[in-house]
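Student: Below is the structure I would like to discuss, written out as structure tokens.
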Amino acid sequence: MKFTVLSIFPELFDSFRAHGMVRRALELRKIEMSTVQIRDFAEGRHRVTDDRPYGGGCGMVMKPEPLAGAIRSAKARFPEARTILLTPQGRLFKQGLARQLAAEKALILICGRYEGVDERVGLNLVDDEISIGDYVLTGGELGAMVIMDAVTRLVPGVLGGEESAQKDSFSDHLLEHAHYTRPREFEGQAVPEVLLSGNHAEIERWRLEASLVRTFLKRRDLLHKRPLSSEETAILTRWCREIEKIISLNSAPGVDSSPGAE
Ligand code: 4FV
């Protein structure tokens with residue numbers, strides 16, 4: 001995977017590429033990452049990259065010419081690259097999109113600044129507009145880092161044996177189960193016995209149920225989107241039975257506990 005990042009603050013990526021998994025992926029040559037100073041494509045002594053908005057209003061807009069120059073120079077180096085503009089108007093970045101992008105050979109990530117970039121850039125030179133969330137940032141650089149981080153860990157060979165993207169949260173639209181490590185007892189809280197049992201089938205069952213519980217409690221919307229495996233159906237059915245038993249045994253007198261009663 002070859003990343004090219006276009007920004008007026010390319011130095012922002014120096015620390016990002018020098019630490020952790022991204023650094024290792026660069027060292028293993030699993031990814032390449034180059035930054036382009038958009039100002040290098042701006043005219044004039046001051047290499048201006050922004051200007052006042054037509055129609056008035058506050059703030060400045062990123063000029064089309066320097067951006068177009070930077071995009072075309074990056075495309076000349078990586079003709080197969082997908083060009084992505086980071087913008088709140090883009091489609092929301094999620095694990096599924098990360099998997100799609102990880103299948104590309106090269107990505108050109110365009111980082112806007114100011115109030116945004118001239119609309120004609122998006123219309124003619126951009127394949128995808130992506131947002132990392134419904135909030136407004138001062139620049140697209142953090143979005144570019146989010147995408148590069150999430151995509152890099154999906155590049156085969158980047159995550160070592162002990163790590164795997166297969167069992168990620170959202171990899172199957174379930175939140176990940178709880179994780180524990182030493183010590184066995186921390187401030188009076190013990191690690192669930194099953195995890196110390198060495199019984200891998202039991203441990204897998206516990207982890208699946210833990211994921212289902214978490215997803216049910218924290219992100220029920222995810223459960224509505226995915227087909228249930230027979231094992232998951234069995235787990236949820238057992239919960240329903242237990243909940244119905246509790247209701248039938250303990251519901252306050254006079255409360256209509258029949259299924260469907262509000
Ligand atoms: C953003 C987002 C974002 C908008 C104007 C940069 C800013 C400024 N990018 N997801 N949310 N971008 O807020 O990706 O140019």
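Student: Please identify, among LEU223, LEU12, LEU195, the residue showing maximal mean-square fluctuation in a Gaussian network model of the chain using a 10 angstrom Cα cutoff.
Tutor: LEU195
Student: For the chain, modelled as a GNM with alpha-carbon contacts under 10 angstrom, which of GLY55, GLY20, GLY133 fluctuates the most?
Tutor: GLY55
Student: Taking 8 Å as the Cα distance limit and 6 or more residues as the minimum spacing, I'd like the relative contact order of the chain as a percentage.
Tutor: Relative contact order comes out at 17 percent.
Student: Next question, about the same structure. Using +1 at the Cβ of each Lys and Arg and -1 at the Cβ of each Asp and Glu in the chain, identify which of CYS58, PRO192, ILE243 lies farthest towards the dipole's positive end.
Tutor: Farthest towards the positive end: CYS58.
Student: Name the residue farthest towards the positive end of the dipole of the chain from the options THR4, THR87, VAL213, assuming +1 on Cβ of Lys and Arg, -1 on Cβ of Asp and Glu, about the Cα centre.
Tutor: Farthest along the dipole direction, towards plus: THR4.
Student: At a Förster radius of 41 Å, what calculated FRET efficiency corresponds to the Cβ-Cβ distance of MET60 and ARG214, to the nearest 0.05?
Tutor: The value I calculate is 0.40.
Student: Another one. For the chain, what is the mean residue ellipticity at 222 nm derived from helices alone (per DSSP H run of n ≥ 4: -39500 (n - 2.57); sum divided by total residues; nearest 500 deg cm²/dmol)?
Tutor: -11500 deg cm²/dmol
Student: Given Cβ point charges of +1 (Lys, Arg) and -1 (Asp, Glu) and nothing else, what value in debye, to the nearest 20, does the dipole of the stretch 35-194 about its Cα centre take?
Tutor: 600 debye
Student: Another question, then. Relative contact order for the stretch 1-103: what percent, with Cα pairs under 8 Å and sequence separation of 6 or more?
Tutor: The normalised contact order for the stretch 1-103 reaches 22 percent.
Student: Hey, in the GNM for the chain with a 10 angstrom Cα cutoff, which one of SER73, SER230, SER131 fluctuates hardest?
Tutor: Largest GNM mean-square fluctuation: SER230.
Student: Stretched out fully, how many nm does the piece from PHE9 to SER197 gain, at 0.36 nm a residue minus the Cα gap?
Tutor: 62.5 nm
Student: How large is the Kirkwood hydrodynamic radius of the chain, in angstrom, based on all distinct alpha carbon pairs?
Tutor: Answer for the chain: a Kirkwood hydrodynamic radius of 22.1 Å.
Student: Among VAL191, VAL151, rank each residue by its count of other Cβ atoms within 10 Å, from fewest to most, as a rough exposure measure.
Tutor: Ranked by crowding around the Cβ, least crowded first: VAL191, VAL151.
Student: Beyond 11 Å, what share of the Cα-Cα pairs of the stretch 3-48 is found? Please give it as a whole percent.
Tutor: Counting every Cα pair in the stretch 3-48, those more than 11 Å apart make up 68 percent.
Student: Follow-up. Set the Förster radius R0 to 41 Å, insert the Cβ-Cβ distance between ASP127 and ARG241 as r into 1/(1 + (r/R0)^6), and round the FRET efficiency to 0.05.
Tutor: The value I calculate is 0.25.
Student: Hey, fewest Cβ within 10 Å first, where do MET60, MET145 land in order?
Tutor: Lowest to highest Cβ neighbour count: MET60, MET145.
Student: Further question on the same structure: Let me check I've understood the local charge: for VAL126, count other residues with C-beta under 14 angstrom from its C-beta, Lys and Arg +1, Asp and Glu -1. What total comes out?
Tutor: That works out to 0.
Quick note: the coordinates plus some simple rules give every number you see, no bench work behind them. In this text, all values refer to a predicted model and were calculated from it rather than measured experimentally. Every residue, glycine as well, gets a Cβ built from its backbone with ideal geometry; the counts of neighbours run over all protein chains shown.
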